[in-house]
1. Normalised by the number of residues in the chain, what is the relative contact order in percent for Cα pairs under 8 Å and 6+ residues apart?
2. How high is the relative contact order of the range 132-204, in percent, counting Cα pairs under 8 Å that sit 6 or more residues apart?
3. Name the GluC sites (Glu not before Pro) in the range 117-146 that are in a loop by DSSP and that have at most 14 other C-beta atoms within 10 Å, would you?
4. Largest first and in whole Å, give the semi-axes of the range 212-338's equivalent ellipsoid, each being the square root of 5 times a Cα gyration tensor eigenvalue.
5. For the range 201-255, state which GluC sites (Glu not before Pro) are in a DSSP loop and have at most 11 other beta carbons lying within 10 Å of their beta carbon.
6. According to the square roots a ≥ b ≥ c of the eigenvalues of the Cα gyration tensor, what is the shape class of the range 1-159, taking rounded for a/c under 1.5, prolate for a/b larger than b/c otherwise, and oblate for the remainder?
7. Which value in deg cm²/dmol, rounded to the nearest 500, describes the helix-derived mean residue ellipticity at 222 nm for the chain, given -39,500 (n - 2.57) per DSSP H run of n ≥ 4 and division by the residue count?
8. Test of understanding: ordering ARG435, ARG366, ARG500 by Cβ neighbours within 10 Å, fewest first, what list do you get?
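Every read-out reported here was derived from the displayed coordinates using simple, explicitly stated rules and does not represent laboratory data. Computed from a predicted model, the values in this text were never measured in an experiment. Please note: Cβ atoms are built from the backbone with ideal geometry, for glycine as well, and neighbour counts cover all protein chains shown.
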Amino acid sequence: MQILVINCGSSSVKYQVIEVSDGKVLVSGTLENVGGNVTYENALGRVLEEASEYKIDAVGHRVVHGGAYFTHATLIDDDVINRIEACARFAPLHNPANVAGIKASRLVLSNVPHVAVFDTAFHSRMPEHAYTYAIDSDISEREGIRRYGFHGTSHAYVAQQAAEFLERPLDELRLISLHLGNGASACAIEFGHSVDTSMGMTPLEGLVMGTRCGDIDAGVVMSLLRTGEYDVDGLDRLLNKEAGLKGVSGISHDLREVEEAAAAGNERARLAIQLFVYRARKYIGAYAAAMGGVDAVILTGGIGENSPSMRQRILQRFDFIGLKLDEQRNSDIRLSTNSHVALACRDISKVKALVIKTNEELMIARQTSGLVRQINGQHLQAKSIPIAVSGRHIHLNEETFRKLFGADATLTHYKDLSQPGQYACVEKLNLIGPRNRIDNVRILGPLRSNNQIEISRTDEFFLGIDAPVRDSGRTEGSAPITLEGPLGSVSLNEGLICARRHIHMHPDDAERFGLQDKDEVEVAITGGPRDLIFGDVLVRVHPQFRLEMHIDTDEANAAEMDQGSDGSLIYTGIEGMSARIRAKG
Ligand code: ADP
């Protein structure tokens, strides 16, 4: 499939035609000075002339801000355009240009699907504690003030490339990605999902950038406003256009020029570099802590890809988290289209350091083609799925079971569960948290290789424990809990999770739905008192599974539903990323 990727800025149109099957770039170019005498429509007309020998199957548009609404790549229609326009208040320079490009493209290429791919979408599943600013919640909610994050397409792409390079599944890895270009951001990627990122409601927050200050005390803004020398636009310029490497060095936003001046002894240039590096290092430390560990740190973007000295400054002295930089390897790295991933650490380094050439256009093309294939693939009809509500429950391994019930004890069958081979047991345990205890929580059989205790968010707060939302079976680095049984208690270092909602499927069902194991889907609950859509529902396919969606009691309460309700599938994930398709009816 051949995809035209369009990136419309306030004065330029960048374009590429990409053959998705092999990632080959067939045509690429940039048109400057667009928006003045040259309209976006003129510019897109010229792009089409350039690409005239290729059959364009679809157009993928980069859109900077998708607000809280757009969580996936989305097929563009008039409603989508209106919503992108509504997000312009958070990205006043970018979204209007993106929309102008979309409108012009739809006019000149009216017979193919157009898809919007959002810089913010990859971060849309960040947990609430990562995206919330600690201000009055009513104001945040009313005004949409929260952290959205950017560079999502790049972070998602390099994460996929890292997993391929390390030959490990992305959903087993904890990664920290630093995209260091003119704009710069860090991202904590846990098991394939962004769980925190340094840019916030706008691309101003976080790392030091070419011309942006990154993190700053909001008090500075008020103090400068009170001097009377700045109005809002003046401050916007000061912090977005005159700050960062440029502001501190007084020389340039371009790192190469700042590095040259620093080498020649310029103190302000040296300080600019130190600040840039120090901030990047702080985020690596913070995100390693946020994820409870890290498997690889990735550097990308113009600076990450091309400056060995900046890479060394940023990655040195991380031995204490298990990252051992290899100075020689680092300085020898030369990335190219054919060699776009390189290792910058020693072989023995437990935490890998990777330098990866980013490719946002390819990622946009892939997401666009994936969505179009889905649409063509007729996977859109609403399909009914029975839903089961799981109360809190416990799975034990043999060792823990014996400690709690005795060396000769066996599980006592109480009743069969809907999934073949699974049963509820007569045995129950008490959960002891730092704040409260929950008694009589049922054990489910048979015994497993790992302990896994599944509770709801409400239970977490009652017990006084933060448990991560996890897929079943993924208990490494989860929360600690004490279990109390007839023979005493056992304190587990990990095992407590808030189970991620999921659908069990037999391979025959998966085929019927056009889904695969580990896809993510959306399920709509309709016809009840409180209709809602559950996003991020994990699909688990196994010959022993029977079709059923599992949610916890909090989730069931939110939809005011009982056991025996049905949901309908309205959405499928693609190629490890997800694309939003709203089904009709
Ligand atoms: P953008 O965010 O606009 O896409 P880039 O990713 O191209 O920007 O990154 C631009 C930054 O990369 C600039 O600060 C530039 O100085 C830096 N850069 C590019 N090449 C090199 C190099 N060889 N050495 C050091 N810095 C470089």
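1. Details: 1279 pairs, mean separation 62.0, N = 585.
Answer for the chain is 11 percent.
2. After rounding, I find 31 percent.
3. Values: sites: GLU128, GLU141, GLU143; in loops: none.
Qualifying residues, ordered by number: none.
4. 31, 20, 13
5. When the GluC sites (Glu not before Pro) of the range 201-255 are filtered for loop state and at most 11 Cβ neighbours within 10 Å, GLU229 remain.
6. Numbers: a/c = 2.33, a/b = 1.70, b/c = 1.37.
Note, shape of the range 1-159 comes out prolate.
7. Rounded to the nearest 500, it is -9000 deg cm²/dmol.
8. Result, fewest neighbours first: ARG435, ARG500, ARG366.
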